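These notes concern the structure reproduced below.
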Amino acid sequence: MLIKIKRSFPPQSPIFARKLSRMMQAEDFIAADSPTNADSGVINCEAPSNIALVKYWGKTDVQIPANPSVSFTLRHSKTVTTLYYRFIENPSPKVSFDLIFEGNPNEAFKPKIQKFFELAEAYVPFVKHYHFEIHTHNTFPHSSGIASSASGMGALAFGLMQLEKKLNPQLSESFLNQKASFLARLGSGSACRSIEGPLVVWGKHAYIKESSDLFGVKPEIEIHPVFLDYQDTILLIDIGEKTVSSSQGHQLMQGHPFAEKRFTQANENLLKLLIAMETGDLDQFIKITESEALTLHAMMMTSQPYFILMKPETLQVIEKVWAFRKQSTVPLCFTLDAGANVHMLYPKANKKSVMDFIQKELLIFCRNNAFIDDEVGSGAKLL
Ligand code: PMV
């Protein structure tokens, strides 16, 4: 039986996160530069996307978040990556790799991966001794408006850690996951929350012991069962390229008139949300989650230059969700990413009524009636 802890806000005692023997620093992740026992081989793995409940928006280099965030790890929206590695006698100055996306060589995505390798190389120096052929595909449609950077970087980082494990078999699973999260962050900040699940905190928080700006951690709360199989049905409203990228958006938080208040608010919301998720307080969960989504977009609308990523249909869906919740008392709420799509979050027990509602009233707002039916998952894995 789950013992419900009634925590006060702010809590008297800190919330803990799963920890290694001591708090890890960036230097602790530097591997030896001596590949000897892995000539060539293949690693097949996958990592899911994640959806933030408390949003990360604003950073300093390199993907050091301005505020802590927390996300649900997804289950079905994922990137599958096969990493063929071949030892090369003379290490090249740049990591050598080919990229095959959905079965075809892809030059367009290569610079992002090249940049990732440049940042990651200091921590996985053995990569220079290999040529990689990276085969990758997503389980969700390309240009569905679902960012593949979190799952893609998560899968690549996780794959590299499987190679490091071959070179150094005594590495523990918790170290591998933590370093995979650390590496994934270098590729795309939110990717560090895709290695484990169901709930990952990223960013230093005064009340969450072991939380770190460098990697994601699982908060050691006893998550109320209602959240363990939470559903996320993603309504695909706009499937085009975003007009403003996340990187540009993060930068616009520097000198933003509301930045400091926003960062303080995110710290408070994170703690309140974890307490709500421990006690099963759905009202509070809904209040914080929806407020976080709207605040993220409010930051965009009040940046200089300002921009809007929501579409008219996004607002129509939100109005409908509020009306449905009022009249049905089903605890359905929404969240938004940096885009127009709407994530519908709800307990599994309410699946039928929410899906009926989506079919009847919301599909008209989706491009080609498209949606992705997802739910909370457990993170990256070897296949
Ligand atoms: O990881 P990035 O740089 O793509 O930024 C992600 C930002 C949001 O998705 C809007 C929020 C979040 O915490 O995931």
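FYI, it's all coordinate maths here, none of it is from the lab. Note that the structure is predicted; figures quoted are calculated from it, not measured. In this analysis, Cβ positions are derived from the backbone assuming ideal geometry, glycine residues included, and neighbour counts consider all displayed protein chains.
Charges were assigned to the Cβ only: +1 to each Lys and Arg, -1 to each Asp and Glu. The resulting dipole of the range 2-222 about its Cα centre is roughly 940 debye. For the cross-link pairs 204/381; 115/242; 261/352; 78/352, the ones whose C-alpha atoms lie over 30 Å apart are 261/352. Hey, what's the Kirkwood Rh for the range 104-191 if you take every pair of different alpha carbons, in angstrom? Kirkwood radius, the range 104-191: 13.7 Å.
For the chain, the ratio of Cα radius of gyration to the globular rule of thumb 2.2 N^0.38 Å stands at 0.98. Among beta bridges identified by DSSP and lying wholly in the range 2-222, the antiparallel ones come to about 80 percent.
Relative to the longest principal axis of the chain, what angle (0 to 90°, nearest 10) does the C-alpha long axis of helix 173-187 take? Rounded to the nearest ten degrees, it is 80. Full extension of the chain segment joining residue 243 with residue 378 gains 45.4 nm, where the gain is 0.36 nm per residue of separation less the Cα-Cα distance. Its Cα centre serving as origin, the chain has a Cβ charge dipole (Lys and Arg +1, Asp and Glu -1) of approximately 680 debye. For the chain, a Gaussian network of Cα nodes joined below 10 Å ranks 193, 367, 262 by mean-square fluctuation, and the top entry is 367. Comparing mean-square fluctuations of 329, 279, 314 from a GNM of the chain with C-alpha springs under 10 Å, the top value falls on 329.
The distance linking the range 216-266 with the range 302-319 is 15 Å (Cα centroid to Cα centroid, whole angstrom). Against the chain, whose longest principal axis is taken from its Cα atoms, helix 312-328 shows a tilt of about 60°. Centre-to-centre separation between the Cα atoms of the range 58-126 and those of the range 338-378: 30 Å.
Most simply put, the range 70-186 has about 65% antiparallel DSSP beta bridges, counting only bridges with both residues inside it. The range 343-383 has equivalent-ellipsoid semi-axes of 24, 15, 7 Å, by the square roots of 5 times the alpha carbon gyration tensor eigenvalues, sorted largest first.
Sorting 93-101, 128-136 by average packing, meaning the other beta carbons within 10 Å per residue, from highest down gives 128-136, 93-101. Ordering 139, 60 from the fewest to the most neighbouring beta carbons within 10 Å gives 60, 139. Apply the a/c threshold of 1.5 to the C-alpha gyration tensor of the range 225-375 and tell me whether it is rounded, prolate or oblate. It comes out oblate by the Cα gyration axes. In degrees between 0 and 90, to the nearest 10, how far off the longest principal axis of the chain does helix 149-167 point, with axes built from Cα atoms? The answer is roughly 40 degrees. How big is the antiparallel share of DSSP beta bridges in the chain, given as a percent to the nearest 5? Close to 85 percent. From the square roots a ≥ b ≥ c of the eigenvalues of the alpha-carbon gyration tensor of the range 266-329, which class results: rounded (a/c under 1.5), prolate (a/b over b/c), or oblate? It is oblate, given that a/c is not under 1.5 and a/b is not larger than b/c.
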